Structures are given as structure tokens and as C-alpha cells.
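Written out below as C-alpha cells is the structure these notes cover.
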Amino acid sequence: MNIYIDESGSINNKISAHSPFFVISLVHVKEKDKLQRAYKRFVSSNLKRLKELDQDRTDSHGKIIRKGGKMFDGDSFKELKGTQFDPEMKRRFLEFFSRKPYFEVFYIVLHNDKLTDQFCANTARCFNYTLRLALNYFIKNGWLPNEECIIQLDERNEKTETKYFLENYLNTELTLSGSCNGPFKISYFDSSNNHLIQIADVFSNWYYSHLLSKEYAEEYHKLKEDGIIKSIFEFPL
């Protein structure tokens, strides 16, 4: 199976009042080629609006409150970034990719206000630990197949010295322990070069926004009913 991962928010119990959640989205892709083509259709049909959304956003005093230039380099499109989407574009994205879902979405949600200082001291370790727990949970409950798993992640938030740890960690904790068949293979990409990590990016940002505002309740329930959102793992348990 192929899983693409991205995240929204921060693992930080000191700022839980302002950032109460850390969200990891796992997009389990069933039909990769078809999803790649759907991605290209979405971008081409929304190119003008995406360019508008990627401009600097200012407040009433002209102060920049959200910097642009994340999805475009000049006039050249680079990548989808959920942080640049407005609510209308997020709904358009969900509606488009729900028509023929060539994938399933799983979420991991960390509640910052329930995390200890010790747990937050090493965010890479936190990420790896909760990912391991969640994968075991999803596989044991039959929501993910118990087979070889290829995981692709965005490399830009990953420290060089920890890049090669996750694969060994998952194989030791899940495969060698007999919890899952595996093996697990990990690859890191610049998300601008990986269309499906970009889809995971938008899904993580959308759900993070939903947890904060609850303004996407209708979309959330539809995705659940249609079987696109398969399961949500929350930590601490």
C-alpha cells in the first residue's frame, strides 16, 4: 500500500491555547495514476483562482498577515498549499476529489493541552511514536491492509539526522514484533515535487481548520458517510 503524509499545526503544549491541535493526515492511495490525473485537472481548472489566493494578504492597515508566494514562483505554479486556501477553495477541493475517490484519508490528532513537557521535548520522537501507534491501530482494526507499506513524507520539516530513523523504528516496533506484516519503507520528498503529498497537505490543513472553527461540519460528515475519512486516531488515548 502507498501512504502520503503531511501535517498541520505544531507539537507544543506551551501554546495550546492558540494551537490546541497537531494534525497528521495519511492519504492511502488506491489508484495512484488516476489520482495524479485528477490532481492535474484540479490545478488546471482552478489556476487563476489559486494565483489570486497566493497573493500577500493584508489587514485594514496594510500590514501583511499572510505572506503569499507559496504556491507560485512568479507566474509558474509550484504546488498546492492548504494554508493559502480560503474556505470556498477548501470546499471546492473536497467536492472535486470526492467525486471519484481514488484514496482514503486517515487522521492522527494530538491534543497539545494534554501533552507533557517530556513528550514535547523531542518533536521528531513525538511524531514517530504517534505514527507508530496509529498505524498499528488502523491495521489491527482492518482499516488499512496488513501488507508492505510505502510511506512518503514532506522532507522540509524533517531534520537530516532523523530522516533515516523512522523506517528502522517502524520495522522494529511493528514488523519484528509481529504486530504487522510490513515491511515499512520511508521516502522523503520536497512536496513541490510530489503531487500526492500536496493532497495530504490540503487534507491536513482542512481538518485542522475544521477542528478550530467547526465551520466544515457538513463536509466532514459527508466525507465520513462516503467512506473517504476512514478513521481518526487521537493522542493521548
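Quickly run through the stretch 35-66 and pick out the residues that are within 30 Å of Arg99 (Cα to Cα) and among the hydroxyl-bearing types (Ser, Thr, Tyr). Answer for the stretch 35-66, where residues must be within 30 Å of Arg99 (Cα to Cα) and among the hydroxyl-bearing types (Ser, Thr, Tyr): Tyr39, Ser44, Ser45. Restricting attention to the stretch 129-162, the residues that are among the polar types (S, T, N, Q) and at pLDDT 95 or above add up to 5. Scanning the stretch 15-39 for residues that are within 19 Å of the chain's Cα centre (by Cα), more than 23 Å from Leu212 (Cβ to Cβ) and of a type outside the set (A, V, I, L, M, F, W, C) yields a total of 6. Taking each residue of the stretch 183-203 that is within 14 Å of His28 (Cα to Cα) and looking for partners that are hydroxyl-bearing (Ser, Thr, Tyr) and part of a helix (DSSP H, G or I) with beta-carbon atoms closer than 6 Å, six or more apart or interchain, yields His195/Tyr39; Ile197/Ser191; Gln198/Ser191. When residues in the stretch 170-198 are screened for being in contact with a helix residue (DSSP H, G or I) (Cβ under 7 Å, 6 or more places away or on another chain), in a helix (DSSP H, G or I) and hydrophobic (A, V, I, L, M, F, W, C), 4 of them pass.
A search for C-beta distances below 8 Å between a residue of the stretch 206-227 that is more than 16 Å from His18 (Cα to Cα) and any residue that is modelled with pLDDT of 95 or more and assigned to a loop (DSSP other than H, G, I, E, B), counting only pairs 6+ apart in sequence or on different chains, returns Trp206/Phe85; Trp206/Tyr216.
Name the residue, out of Leu131, Leu80, that is closer than 26 Å to Phe235 by Cβ and in contact (Cβ under 8 Å) with a residue 40 or more places away in the chain. Every option except Leu131 fails the conditions.
The test for being touching a residue at least 40 places away in the same chain (Cβ under 8 Å) and within 18 Å of Glu7 (Cα to Cα) holds for Glu234.
If we scan the stretch 67-78, do we find a residue that is at pLDDT 95 or above and closer than 25 Å to Ile186 by Cα? There is at least one residue in the stretch 67-78 that is at pLDDT 95 or above and closer than 25 Å to Ile186 by Cα. Restricted to the stretch 56-169, the set of strands (runs of 3 or more DSSP E) holding at least 1 residues that are surrounded by 15 or more Cβ atoms within 10 Å (Cβ to Cβ) comprises 103-111, 149-154.
Residues that are of a type in the set (A, V, I, L, M, F, W, C), surrounded by 15 or more Cβ atoms within 10 Å (Cβ to Cβ) and either in contact with a Lys or Arg (Cβ under 8 Å, 6 or more places away or on another chain) or not in a loop (DSSP other than H, G, I, E, B) (or both) within the stretch 215-231 comprise Leu223, Ile229, listed in sequence order. Are any residues in the stretch 17-44 of a type in the set (S, T, N, Q) and surrounded by 16 or more Cβ atoms within 10 Å (Cβ to Cβ), and if so, which ones? The answer is Ser19, Ser25. The residue of the stretch 45-54 that is surrounded by the fewest Cβ atoms within 10 Å (Cβ to Cβ), among those that are touching a strand residue (DSSP E or B) at 6+ places or on another chain (Cβ under 9 Å) and not hydrophobic (A, V, I, L, M, F, W, C), is Lys51.
Scanning the stretch 201-215 for residues being modelled with pLDDT of 95 or more and over 15 Å from Val109 (Cβ atoms) gives a total of 2. For the stretch 186-237, the set of residues classified as β-branched (Val, Ile, Thr) and touching a Gly at 6+ places or on another chain (Cβ under 8 Å) consists of Val202 only. The numbered conditions (1) touching a strand residue (DSSP E or B) at 6+ places or on another chain (Cβ under 6 Å); (2) part of a helix (DSSP H, G or I); (3) not small (Gly, Ala, Ser) are all true for Lys34 except (1).
The values are calculated or read from the model by the stated rules, or taken from the named source; none is laboratory data. From a predicted model like this one, the values you see are computed outputs, not experimental measurements. Using ideal geometry, Cβ is built from the backbone for each residue, glycine included, and neighbour counts are taken over all protein chains shown.
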